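The structure appears right after this line, and notes come after that.
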Amino acid sequence: MVNISKLKCVLRGTLSWPARHLLHTKIQMENWFQNLSVVRKAYAVLPGWELGMVATISVAHLTFQINLWFLVAVSRKHKPMSNGLGALWEGDCIAIDWTNKVIHGVINALSTLLIAQSNFCMQLLVSPTRKDIDNAHKRRQWVDIGIPSFRNVWNEIIDLKRMALWVLLALGSVPLHLLWNSVFIFSPIAYEYLQLTVTEGFVHNMPMSASDGMIQLEGSSEGVGALWPDNLHILQENLYSYERLEINDCKKKYAQHFILDRSDVVVVTKSASTETNTSTVMGGSSAGWGLWPYRWLCPADSRHKLACAGKLLDGGDDWIFPRYGGPKVAYCLSKTMPKKCRLEYARLAAAFTVAANGLKLACFIATYWLLKGKAGGVVGYPNGDCRMQPLITTGDAIASFLEFEDEETQGMSIVEKKDFENGIWDHRWVSINPMIWLERSKCCRFRAIGVRRWLTGTALLSVIPLCPFIFLLTKIQWLREDLGLDKRAISELGLGNPSGLFLIGTWNGNLQTDDSMSINNQKTEANILLSIALANTPQLILSIAFYIWYSHLTVMTAARDYSEFAAPALESEGRDYAPKHGLRVTYPRDGSQQRAAFLFGISFKHWILITILWTALHWFASQAIFFARVDLLSHWLEVTDFSISQVGYSVLGIICFLGVAFLVFLVGLRISVKNISNHMPLAATCSAALSAACHSRNPEVKHHEKRVHWGVEILGEDDSQDGVQGVERCCFTSGTARYPTPGQLYA
């Protein structure tokens, strides 16, 4: 463990008070956590990565059991319909909506946990062993250490078994992203309705002409010539059961895309004279379906515009009916209906989720036994031969190279990652020449990744806000001019609410008329599964982008932490004030000053930041494009062909997603261009550069178990140099070291 009192003395000469205080606090917290009884016991039984893998297997097993038993139970008790959707519960919308939110919260939590554990497992699989690194270095190849690297897979650094498991884990995540979140579906029940415009006498059961007994409906979903389904005399007799709505309430209740708690409405107009002993039926229409479900409320100039609802509400209590000569409306009579919703499940999506869950569980178990079984049994190392243990952190790699030198990188102590990327190894087969140490200045963090890789990752990150921006740009004329979309209409449409106007691949016919409307809505099980997958495709893309960005952030964090090992120049008295750090490793040795790497990768601050941002991004993506499901019932309470079971999108959701995506891009850009001290050769996660910095001239000292720093190793005045008179060497050491001198040669 770190001796705090000694460290204070060491730091006093080199660091400012805030820096000393922060580092002191950080080390105290690490010591406190490492000394917790439960932590020590857990790591005593399952050291290093084994504890994480056992936790991963436990979570996957629990999730698999929940999903499997759910699928078996509901398949027996709630048989799905021909479209593959089964009704779990039908009842009060508020209760079902909250239940649906809780279920999706649990699913998102389990999904996030399972995918995070999957990424952890994939990082273990691509983490090279010392044997893998030695073989690669002999071929003049370097490997990534400490990150979930696709490069290690592509270059075949790892063996075929680990490669196969890595591919299976990656493929197993696809169904979880595309389907799991839509296994449970909230399905409201909406009503088509009939609208009738009458005079006051009709309400008071005054007689009407014989021709008014049946009335032709405008805009009926049954086609031209459709009549009112019941005799109007029957309707007249039943008006006592209808609820009276004042003008503003009537507008608000019916100026909606889907009506959930009402059906037929009778609009009562004010009589032009005091004569009320006769009934006049002015006309009727069918509504509540199609692109413009409340078009009967709107005047001709805004009948096919989204601004209609806003204009209606602005009119207050003064309502001139837009048809039949413009009579003035007195009030409405509305038929109330039970407000019901369903909680449904998608059988095929659930089946694929269970299969993917089972595949992940099998891969997790196989990974554990594969990595655990690789070691042979060398005393002093957990679970066997240290050369067969995966090097998960850069601290693991440095400790390994300090304990067992890598001859392939001798004499290259100031070479950095960029040099290996540029092929320095190709020119160093015969001789190794000393290199000049140049004055170093601060540099942007993205240099640790490599400019080309960083540009690729940044381009992918920029696509996330670019796609919704281009989508809105291509739709802007249609939205503004054809639909009359404005700020008020966007707000009224809401966030993530389904609308007949904003569905993908649904409507055929002329958008600006009521004629020839039909719906392309084949509700087969396969089509619904494809719609669910399409609606969740943004989630998959976001997860891929997150995987790449997380890898880049891990590299930048590793480069920043690595640079902190640099020793400062010695003062005139020869005293060394360089702060030394214990290496952060997976398996800390008993009695050593190594630190346990409980969290691999990035700082807690950055982890919190990107978790919040990416969670918001995923949620807004689900509100921007989603699987829309609404059962639309006819006058006879039968499900109509205008029910919705396909992909929908929300303009407000897309705008919100665009804003958050742009913020994520700016945050990613800001982190990338921040400076690091760059005091040391920029090794990042490059195995060759890390190895080159680990050639001590005093190898019998167990540097890897002590606190170390990097610089020119000082053994004494008479110590020999490295084959060339006057040439010194830079390396990690637990002894005395100073910062290299610009312009001087180092081997």
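The values are calculated or read from the model by the stated rules, or taken from the named source; none is laboratory data. For clarity, every value in this text was computed on a predicted model and none was experimentally measured. Using ideal geometry, Cβ is built from the backbone for each residue, glycine included, and neighbour counts are taken over all protein chains shown.
When segment 522-537 is filtered for residues that are surrounded by 16 or more Cβ atoms within 10 Å (Cβ to Cβ) and in contact with a Ser or Thr (Cβ under 8 Å, 6 or more places away or on another chain), the ones remaining, listed by number, are 523, 525, 528, 531, 532, 535, 536. Answer yes if at least one residue in segment 612-625 is under 30 Å from residue 344 (Cα atoms), crowded, with 22+ Cβ neighbours inside 10 Å and in contact with a strand residue (DSSP E or B) (Cβ under 8 Å, 6 or more places away or on another chain), and no otherwise. Scanning segment 612-625, I find at least one residue that is under 30 Å from residue 344 (Cα atoms), crowded, with 22+ Cβ neighbours inside 10 Å and in contact with a strand residue (DSSP E or B) (Cβ under 8 Å, 6 or more places away or on another chain), so the answer is yes. For segment 397-417, a tally of residues being of a type outside the set (Asp, Glu) and either modelled with pLDDT of 90 or more or surrounded by fewer than 18 Cβ atoms within 10 Å (Cβ to Cβ) (or both) returns 8. Taking segment 640-655 only, how many residues are at pLDDT 85 or above and more than 30 Å from the chain's Cα centre (by Cα)? Qualifying residue count for the region: 0. In summary, residue 636 fulfils each of the numbered conditions (1) over 30 Å from residue 189 (Cα atoms); (2) part of a loop (DSSP other than H, G, I, E, B) with the single exception of condition (1). Looking across 658, 632, 666, one residue alone is under 24 Å from the mean Cα position of the chain (by Cα), surrounded by 20 or more Cβ atoms within 10 Å (Cβ to Cβ) and either β-branched (Val, Ile, Thr) or at pLDDT 85 or above (or both). It is 658.
Put simply, of 279, 271 the only residue that is in a loop (DSSP other than H, G, I, E, B), surrounded by fewer than 20 Cβ atoms within 10 Å (Cβ to Cβ) and among the polar types (S, T, N, Q) is 271.
Scanning segment 628-656 for residues being within 19 Å of residue 90 (Cβ to Cβ), in contact with a strand residue (DSSP E or B) (Cβ under 7 Å, 6 or more places away or on another chain) and touching a residue at least 24 places away in the same chain (Cβ under 8 Å) gives a total of 10. Reported count of residues in segment 135-162, each being in a helix (DSSP H, G or I) and either under 20 Å from the mean Cα position of the chain (by Cα) or without any contact (Cβ under 8 Å) to a residue 24 or more places away in the chain (or both), is 5.
When you scan segment 459-478, how many residues do you find that are surrounded by 19 or more Cβ atoms within 10 Å (Cβ to Cβ) and either farther than 17 Å from residue 653 by Cβ or over 25 Å from the mean Cα position of the chain (by Cα) (or both)?
1
Across segment 328-375, the number of residues qualifying as farther than 30 Å from residue 73 by Cα, among the hydrophobic types (A, V, I, L, M, F, W, C), touching a residue at least 60 places away in the same chain (Cβ under 8 Å) and assigned to a helix (DSSP H, G or I) comes to 2.
In the list 488, 453, which residue meets the criterion of being closer than 28 Å to residue 256 by Cα, touching a residue at least 24 places away in the same chain (Cβ under 8 Å) and among the basic types (Lys, Arg)?
Numbers: 453 fails: closer than 28 Å to residue 256 by Cα.
Just a single option satisfies the conditions, and that option is 488.
Does residue 132 satisfy being of a type in the set (Asp, Glu), surrounded by 20 or more Cβ atoms within 10 Å (Cβ to Cβ) and without any contact (Cβ under 8 Å) to a residue 60 or more places away in the chain? For residue 132, the condition - of a type in the set (Asp, Glu), surrounded by 20 or more Cβ atoms within 10 Å (Cβ to Cβ) and without any contact (Cβ under 8 Å) to a residue 60 or more places away in the chain - is met. Condition check for residue 115 on (1) out of contact with any strand residue (DSSP E or B) (no Cβ under 9 Å at 6 or more places or on another chain); (2) over 28 Å from residue 176 (Cα atoms): one failure, at (2). Of all residues in segment 175-192, those that are assigned to a strand (DSSP E or B) and among the polar types (S, T, N, Q) total 1.
Scanning segment 49-67 for residues being of a type outside the set (Val, Ile, Thr), in contact (Cβ under 8 Å) with a residue 12 or more places away in the chain and closer than 24 Å to residue 391 by Cα gives a total of 5.
Of the residues making up segment 60-107, just one is surrounded by fewer than 17 Cβ atoms within 10 Å (Cβ to Cβ), at pLDDT below 85 and among the polar types (S, T, N, Q), namely 82. Scanning segment 669-697 for residues that are buried (at least 22 other Cβ atoms within 10 Å of the Cβ) and assigned to a helix (DSSP H, G or I) returns 687, 688, 689, 690, 691, 692.
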